[in-house]
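J.: Got a structure for you, written out below as structure tokens; questions coming shortly.
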Amino acid sequence: MAAPGAPRWRPPVAPPGGYYDPHAALAAGLAVPVVFAAGARGVGALLTPGAGDADVAPGAAADVPLWLAAALLDRNMARLRALPSLFGEPARRALAADGAAACLRGTHFYAAAAAVSALPGAPDLRPLAAHALRARYAPLLARCLDDPGAARAAAGRAARSAADKASADPRRLLSEEEATLFAAGAAAVADAADWRAQARRRGGGAVALRKRART
């Protein structure tokens, strides 16, 4: 446990989208629907496990990791069949209607949006990501920091449905990137609270010294 007043340890932060950015690395595993333009021999069990074939036939559809989809599309070995469900029409409508209420929990939404936008034939999802950040940052992250923990816990216990629980604790809605922002904000709030407590203690000690000096 750190000594009182000692600075809290902070994990190093990698540049967004950089080689060491964990969000970008994990987003590369997002499943992307593609159609193979040419066949692939000996990898049917890996790429199309439900088909039961050793080879992938031309025109076969499969969901492949984002990193593999990028390589296949760049080489004209496949074409994009549809957007990942994370960016499908229902998800886009939900974000457009009420971005702060959309559940992105467990996703690397922003890193994936940038990576999918770079795929040949994919629409530019960066405006959607920018809209999501604008719509969600203030109402969700600020509320996570401002709501008293006890009140939030009581509301969570009283919640009857998953939607009610998410409303009671907005941390349930955050993407992995948003959760990282929240953790940084929570640490800053805790540091500020520590500083205020130390200032009060120092002020109280100074007052006591002045009182003793007068007597």
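The values are calculated or read from the model by the stated rules, or taken from the named source; none is laboratory data. As the structure is a computational prediction, the values presented were derived from the model and not from experiment. All Cβ positions, glycine included, derive from the backbone under ideal geometry; neighbour counts span all protein chains shown.
J.: Quick one: A27 ticks every box in (1) modelled with pLDDT under 85; (2) over 28 Å from the mean Cα position of the chain (by Cα) bar one, so which box is it?
T.: (2)
J.: Another one. Can you find a residue that is at pLDDT below 90, out of contact with any Lys or Arg (no Cβ under 8 Å at 6 or more places or on another chain) and assigned to a helix (DSSP H, G or I) anywhere in the range 53-61?
T.: no
J.: While we're looking at this one, here's another question. Please work out which one of (1) of a type outside the set (V, I, T); (2) assigned to a helix (DSSP H, G or I); (3) under 17 Å from L30 (Cα atoms) is the condition L128 fails and give its number.
T.: All conditions are met except number (3).
J.: Which of the residues spanning the range 144-153 are surrounded by fewer than 19 Cβ atoms within 10 Å (Cβ to Cβ) and either at pLDDT 75 or above or not in a loop (DSSP other than H, G, I, E, B) (or both)? Give the derivation first.
T.: The initial filter retains those residues of the range 144-153 that are surrounded by fewer than 19 Cβ atoms within 10 Å (Cβ to Cβ), namely 145-153.
Within the range 144-153, L145, D146, G149, A150, A151, R152, A153 qualify.
J.: Say whether the condition of being in a strand (DSSP E or B), closer than 30 Å to R171 by Cβ and modelled with pLDDT of 90 or more is met by at least one residue in the range 32-51. Can you show your working first?
T.: Applying the first criterion (in a strand (DSSP E or B)) to the range 32-51 yields 32-36, 40.
Cutting the leftovers down to closer than 30 Å to R171 by Cβ gives us 32.
Those left that are additionally modelled with pLDDT of 90 or more: 32.
Yes: one or more hits.
J.: Please give the number of the condition A97 fails out of (1) modelled with pLDDT under 90; (2) surrounded by fewer than 19 Cβ atoms within 10 Å (Cβ to Cβ); (3) in contact with a strand residue (DSSP E or B) (Cβ under 9 Å, 6 or more places away or on another chain).
T.: Of the numbered conditions (1) modelled with pLDDT under 90; (2) surrounded by fewer than 19 Cβ atoms within 10 Å (Cβ to Cβ); (3) in contact with a strand residue (DSSP E or B) (Cβ under 9 Å, 6 or more places away or on another chain), the odd one out for A97 is (3).
J.: Let me ask another. Residues being farther than 30 Å from P22 by Cα, of a type outside the set (K, R) and either under 16 Å from the mean Cα position of the chain (by Cα) or at pLDDT below 65 (or both): count how many of those fall in the range 157-213.
T.: 11
J.: Another one. If V116 passes every condition in (1) assigned to a helix (DSSP H, G or I); (2) modelled with pLDDT of 90 or more; (3) surrounded by fewer than 15 Cβ atoms within 10 Å (Cβ to Cβ) but one, which one does it miss?
T.: With (1) assigned to a helix (DSSP H, G or I); (2) modelled with pLDDT of 90 or more; (3) surrounded by fewer than 15 Cβ atoms within 10 Å (Cβ to Cβ) applied to V116, the lone miss is (3).
J.: Residue check: is L141 over 30 Å from P33 (Cα atoms), at pLDDT below 75 and surrounded by 14 or more Cβ atoms within 10 Å (Cβ to Cβ)?
T.: Criteria met by L141.
J.: Could you tell me which of the residues P12, P16, P4 is farther than 23 Å from L181 by Cβ, at pLDDT below 90 and part of a loop (DSSP other than H, G, I, E, B)? Full working, then the answer.
T.: Numbers: P12 fails: farther than 23 Å from L181 by Cβ; P16 fails: farther than 23 Å from L181 by Cβ.
Of P12, P16, P4, the one residue that is farther than 23 Å from L181 by Cβ, at pLDDT below 90 and part of a loop (DSSP other than H, G, I, E, B) is P4.
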